[in-house]
1. Taking interchain pairs and intrachain pairs at least six residues apart, which have beta carbon atoms under 7 angstrom, with the first residue in the stretch 237-256 and over 20 Å from K177 (Cβ atoms) and modelled with pLDDT of 95 or more and the second among the hydroxyl-bearing types (S, T, Y) and not in a helix (DSSP H, G or I)?
2. Note down all Cβ pairs under 9 Å where the first residue falls in the stretch 55-70 and is in contact (Cβ under 8 Å) with a residue 40 or more places away in the chain, the second is surrounded by fewer than 24 Cβ atoms within 10 Å (Cβ to Cβ) and of a type in the set (K, R), and they're at least six residues apart or on different chains.
3. Taking interchain pairs and intrachain pairs at least six residues apart, which have beta carbon atoms under 7 angstrom, with the first residue in the stretch 163-177 and closer than 16 Å to G29 by Cα and touching a residue at least 40 places away in the same chain (Cβ under 8 Å) and the second crowded, with 18+ Cβ neighbours inside 10 Å and among the small types (G, A, S)?
4. For the stretch 162-182, which residues satisfy the criterion of being under 18 Å from S103 (Cβ atoms) and either part of a loop (DSSP other than H, G, I, E, B) or of a type in the set (A, V, I, L, M) (or both)?
5. Are there any strands (runs of 3 or more DSSP E) wholly within the stretch 97-143 with 1 or more residues that are at pLDDT 95 or above, and if so which?
6. Against the conditions (1) out of contact with any helix residue (DSSP H, G or I) (no Cβ under 8 Å at 6 or more places or on another chain); (2) part of a loop (DSSP other than H, G, I, E, B); (3) aromatic (F, W, Y); (4) at pLDDT 95 or above, where does F185 fall short? Just the number, please.
7. I'd like to check something: does the stretch 20-42 contain any residue that is assigned to a loop (DSSP other than H, G, I, E, B), of a type in the set (S, T, Y) and surrounded by fewer than 16 Cβ atoms within 10 Å (Cβ to Cβ)?
8. For the stretch 207-241, enumerate the residues that are of a type in the set (A, V, I, L, M) and either surrounded by fewer than 19 Cβ atoms within 10 Å (Cβ to Cβ) or more than 12 Å from G132 (Cβ to Cβ) (or both).
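The values are calculated or read from the model by the stated rules, or taken from the named source; none is laboratory data. Given the structure is predicted, the values throughout are model-derived calculations rather than measurements. Cβ placement follows ideal geometry from the backbone for every residue including glycine, while neighbour counts extend to all protein chains displayed.
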Amino acid sequence: MFTDDPATYYDVLEPIGGATKPTMVLVHGGGHTGACFLATIDNRPGWAYDFVRHGHRVVVPDWPSVGRSGFLENDELSADVVCNGLANVIRTESKPVILMTHSMSGHFGWKLLETMPERIALLIGIACAPPGNMQPLPIVLRDDPEELHLQRFAGSTVQKIRRGQAMSMSREAADFKLIGPGTQFPRAYADRYINSLIPVPFPLILGRMNFQGSAPRIIDEAAIRGKRIALVHGTDDPDHPPAFEQSVADWLNAAGAHATRYALGEHGITGNGHMMMLESNSSAVADFIAGLI
């Protein structure tokens, strides 16, 4: 299905006989499309089907200009445009939804919660990017008409970004950040997975890096006051250790939200990295998440 403006594609899955629980909207992260929720990399049914099994209607969009959504040129694309496209998807539902974001799409989730709080009953962040409010400006090592070299902080990996070009993650970065050191990723399918990654549009890379303060921010903290937020992270995600996830929960709670951090390891689920929806125990993780709703 497509929304109207901008064209944002989304799939809809429903239990036979109809949903008995709120609709879930699952938003993919960078380098992926909604397909990451439809099937695992080793060909098992994905999280969308797990949540349908729990009684939810499930909506799975692709970001504008990504996957099956309408293409936009760089000068037409921004985080605000992505948020507007996702908001159009949420507006197709007559009742408040459960919004799930993953990784880079965390940025969009915070803005959606601020701008349409009455339509989001619960926000679930899976190893997600923090609000731009608490993200420092990157260190700029090079800034010329052709290329940007950015670091999130001193000593971190240098991101070399060609101006105007979508950015693909290197094999080494994908192996470290996305597959990670955990035990649950089906490593026999690592090549298939890495080859499936897609480039991230240039304007969205700059926003994720918070270049010139462009990461989406929560402007009106009163809008998220009292809103329930669940932050879920695995035991083996290099970019999402417990201290980081707790700092996000603390910031959100200071802003008036009701945010809770859920470390899977504290609930007997171990070995998960960043892409837990694709990993061997994906259904067990989905069952845990469904229990939070």
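1. If the second residue must be among the hydroxyl-bearing types (S, T, Y) and not in a helix (DSSP H, G or I), the pairs left are A249/T260.
2. So the pair list comes out as G55/K21; H56/K21; R57/K21; D62/R68.
3. Short answer, once both residue conditions are applied: M169/G31.
4. Passing the criteria: A166, M167, S168, M169, S170, A173, A174, L178, I179, G180, P181, G182.
5. Fully inside the stretch 97-143 and qualifying: 97-102, 120-126.
6. (1)
7. yes
8. Answer for the stretch 207-241, where residues must be of a type in the set (A, V, I, L, M) and either surrounded by fewer than 19 Cβ atoms within 10 Å (Cβ to Cβ) or more than 12 Å from G132 (Cβ to Cβ) (or both): I219, A222, A223, I224, I229, A230, L231, V232.
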